[in-house]
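This report concerns only the one structure given below.
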Amino acid sequence: MSTLTLLNGMEVPQIGLGTFGGTRYSPEQVAQAVYGAIKTGYRLINCAASFGNEEKIGEALEQAMEEGLVARDDLIISSKVASDMHGKGDVLLSCAQTLRDLRLDYLDMYVIQWPFSDTGPFDVGEFMMVWRQMEKLLYMGLVRSIGMSNMTITKLDAVLPLCRIRPSVLEMELHPAFQQQELFYYCYAKSIQPIGICPLGSPNRADKDDDDISVIEMPEIVAIAETHKVHPAIVCIKWAVQRGQIPVPFAIDEIQYTNNLRWVSKLPLTESEMEKIEVADKNCRLLKGKEYLWEDSDDWQEIWDNEA
Ligand SMILES: NC(=O)c1ccc[n+]([C@@H]2O[C@H](COP(=O)([O-])OP(=O)(O)OC[C@H]3O[C@@H](n4cnc5c(N)ncnc54)[C@H](OP(=O)(O)O)[C@@H]3O)[C@@H](O)[C@H]2O)c1
């Protein structure tokens with residue numbers, strides 16, 4: 001599979017497997033998908049402590065390596081420090097727990113999942129305290145690259161000048177209904193690789209709002225899918241890869257995850273199809289982070305600095 005090169009020289013596949021099973025899929029089901037996906041050819045696995053399934057995924061990774069399906073060096077394993085582990089020393093503890101659960105002695109990517117802790121709004125000083133711990137993990141050789149997630153341009157402008165080591169990746173919600181053009185090109189200009197989360201619009205997630213767009217039902221996407229005789233999900237993935245982000249679609253169904261990978265290298269979308277998708281953007285954020293609304297704030301847009 002083709003790869004992209006990060007700022008630090010690390011090669012990363014153009015697509016990975018998401019592992020957020022939520023309340024619909026058990027850790028065992030997700031772990032089985034990870035094992036199957038590696039067998040199919042996936043080399044990037046997007047994990048997080050907060051997804052509650054790293055222990056089972058660790059068993060799957062170990063099995064895949066013991067059976068000789070893949071060597072450790074050929075895998076890119078990514079995880080995230082959760083928002084309840086932002087205190088002094090917590091990031092090292094969190095990383096150690098993830099390494100133990102995933103049965104690894106290093107991670108390829110480690111990302112701050114949310115830019116604020118459970119208890120408060122974003123604060124530059126507090127964020128940098130977390131980032132310094134991330135930098136330390138890198139110096140210690142426990143992680144190969146570090147990144148951020150769920151950021152805005154306002155927050156990046158505040159923290160990037162303070163970073164001793166710049167983030168190599170930014171996990172951000174990216175799908176045809178929420179393309180985040182400004183933030184996407186901001187990252188591009190700063191050589192930060194966007195990782196596209198919820199690339200299919202997370203169709204069955206639990207916290208849907210009534211006015212959320214169903215990405216795989218967008219008429220523009222369905223029309224292109226019909227032309228190519230593929231599921232609309234495949235159009236979302238091809239669009240993402242051709243645009244330059246690294247999508248990490250979640251699937252536990254073997255046919256789904258196999259197709260998601262295989263179609264990446266098949267006939268590309270045309271320039272005109274890419275343009276049609278670009279103008280179809282609905283600026284519809286699905287992952288609102290309402291659970292992080294702090295006291296005295298009732299508008300989830302504030303979490304995103306009212307940027308979109
Ligand atoms: N950094 C963060 O804070 C953060 C937050 C959220 C997510 N993420 C990452 O992003 C990953 C992806 O996001 P997501 O899991 O929310 O949703 P998603 O990838 O947008 O959507 C996944 C769902 O799409 C359906 N699907 C997958 N492949 C398909 C295909 N070929 N044809 C038809 N349907 C297909 C499946 O639905 P059914 O199961 O119903 O078949 C699957 O559950 C997560 O798993 C996680 O790793 C990171």
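The values are calculated or read from the model by the stated rules, or taken from the named source; none is laboratory data. The structure presented is a predicted model; accordingly, all values stated were derived computationally and were not measured. Every residue, glycine among them, receives a Cβ derived from its backbone with ideal geometry; neighbour counts consider all protein chains shown.
Conditions tested, residue by residue: (1) at pLDDT 95 or above; (2) in a loop (DSSP other than H, G, I, E, B).
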| site | (1), (2) |
| --- | --- |
| I237 | yes, no |
| Q242 | yes, no |
| Q256 | yes, no |
| R262 | yes, no |
| M274 | yes, no |
| C284 | yes, yes |
| E295 | no, yes |
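Residue check, Q245 against (1) touching a strand residue (DSSP E or B) at 6+ places or on another chain (Cβ under 9 Å); (2) surrounded by fewer than 22 Cβ atoms within 10 Å (Cβ to Cβ); (3) of a type in the set (S, T, N, Q), all met but one. Which one?
In the conditions (1) touching a strand residue (DSSP E or B) at 6+ places or on another chain (Cβ under 9 Å); (2) surrounded by fewer than 22 Cβ atoms within 10 Å (Cβ to Cβ); (3) of a type in the set (S, T, N, Q), Q245 misses (2) alone.
So which residues in segment 244-254 are under 17 Å from F184 (Cβ atoms), more than 6 Å from the ligand (Cβ to nearest atom) and not in a strand (DSSP E or B)? Lay out the reasoning, then the answer.
Keep residues of segment 244-254 that are under 17 Å from F184 (Cβ atoms), which gives 244-248.
So of that shortlist, the ones also more than 6 Å from the ligand (Cβ to nearest atom) come out as 244-247.
G244, Q245 - these are the residues of segment 244-254 that are under 17 Å from F184 (Cβ atoms), more than 6 Å from the ligand (Cβ to nearest atom) and not in a strand (DSSP E or B).
How many of the residues making up segment 114-146 are of a type in the set (F, W, Y) and assigned to a loop (DSSP other than H, G, I, E, B)?
Step one: of segment 114-146, the residues of a type in the set (F, W, Y) are 114, 116, 122, 127, 131, 139.
Filter again for assigned to a loop (DSSP other than H, G, I, E, B), leaving 114, 116, 122.
Residues in segment 114-146 being of a type in the set (F, W, Y) and assigned to a loop (DSSP other than H, G, I, E, B): 3 in total.
Which ones in segment 84-113 are under 17 Å from P167 (Cβ atoms), part of a loop (DSSP other than H, G, I, E, B) and either of a type in the set (G, A, S) or out of contact with any Lys or Arg (no Cβ under 9 Å at 6 or more places or on another chain) (or both)?
Selection gives H86 alone.
Within segment 206-235, work out how many residues are modelled with pLDDT under 95 and closer than 17 Å to L17 by Cα.
Within segment 206-235, residues that are modelled with pLDDT under 95 and closer than 17 Å to L17 by Cα number 0.
Of the conditions (1) among the aliphatic types (A, V, I, L, M); (2) within 13 Å of the ligand (Cβ to nearest atom); (3) over 19 Å from V12 (Cβ atoms); (4) within 17 Å of the chain's Cα centre (by Cα), I216 clears all except one; give me its number.
(4)
Listed here are the residues, each with its yes/no results for (1) among the basic types (K, R); (2) under 25 Å from P232 (Cα atoms); (3) touching a residue at least 40 places away in the same chain (Cβ under 8 Å).
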| site | (1), (2), (3) |
| --- | --- |
| D157 | no, no, no |
| L162 | no, no, no |
| S168 | no, no, yes |
| L174 | no, yes, yes |
| A177 | no, yes, yes |
| F184 | no, yes, yes |
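Which members of segment 216-252 meet the condition of being in contact (Cβ under 8 Å) with a residue 40 or more places away in the chain and at positive phi?
If the condition is that a residue be in contact (Cβ under 8 Å) with a residue 40 or more places away in the chain and at positive phi, then G244 is the only one that fits.
Since D108 meets every condition but one in (1) surrounded by 14 or more Cβ atoms within 10 Å (Cβ to Cβ); (2) more than 21 Å from A240 (Cβ to Cβ), which condition does it not meet?
With (1) surrounded by 14 or more Cβ atoms within 10 Å (Cβ to Cβ); (2) more than 21 Å from A240 (Cβ to Cβ) applied to D108, the lone miss is (2).
This table checks each residue for (1) among the aromatic types (F, W, Y); (2) closer than 13 Å to K80 by Cα; (3) touching a helix residue (DSSP H, G or I) at 6+ places or on another chain (Cβ under 8 Å); (4) exposed (fewer than 15 other Cβ atoms within 10 Å of the Cβ).
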{"site": "M134", "(1), (2), (3), (4)": "no, yes, yes, no"}
{"site": "L138", "(1), (2), (3), (4)": "no, no, no, no"}
{"site": "L142", "(1), (2), (3), (4)": "no, no, yes, no"}
{"site": "I146", "(1), (2), (3), (4)": "no, yes, yes, no"}
{"site": "A177", "(1), (2), (3), (4)": "no, no, yes, no"}
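Kindly indicate whether any position in segment 23-38 is assigned to a helix (DSSP H, G or I), charged (D, E, K, R), in contact with a Cys (Cβ under 9 Å, 6 or more places away or on another chain) and at pLDDT 95 or above.
Looking through segment 23-38, none of the residues is assigned to a helix (DSSP H, G or I), charged (D, E, K, R), in contact with a Cys (Cβ under 9 Å, 6 or more places away or on another chain) and at pLDDT 95 or above.
Going through segment 147-197 one residue at a time, which ones are over 24 Å from D211 (Cα atoms), over 13 Å from the mean Cα position of the chain (by Cα) and part of a strand (DSSP E or B)?
Selection gives nothing.
Output the number of residues of segment 198-212 satisfying the condition of being within 14 Å of the ligand (Cβ to nearest atom) and more than 13 Å from the chain's Cα centre (by Cα).
Taking segment 198-212 as the starting set, the residues that turn out to be within 14 Å of the ligand (Cβ to nearest atom) are 198-208, 212.
Subsequent filtering for residues that are more than 13 Å from the chain's Cα centre (by Cα) retains 203-208, 212.
The number of residues fulfilling the criteria is 7.
Run D299 past the list (1) within 12 Å of the ligand (Cβ to nearest atom); (2) surrounded by fewer than 16 Cβ atoms within 10 Å (Cβ to Cβ) and report the number of the one that doesn't hold.
The one condition D299 does not meet is (1).
Collect the residues in segment 1-33 that are farther than 18 Å from K266 by Cα and within 11 Å of the ligand (Cβ to nearest atom), keeping them in residue-number order. If you could, list the steps in order and put the result at the bottom.
Initial filter on segment 1-33 (farther than 18 Å from K266 by Cα): 5-12, 17-33.
Within segment 1-33, L17, G18, T19, F20, G21, G22, R24, Y25, Q29, V30, A33 qualify.
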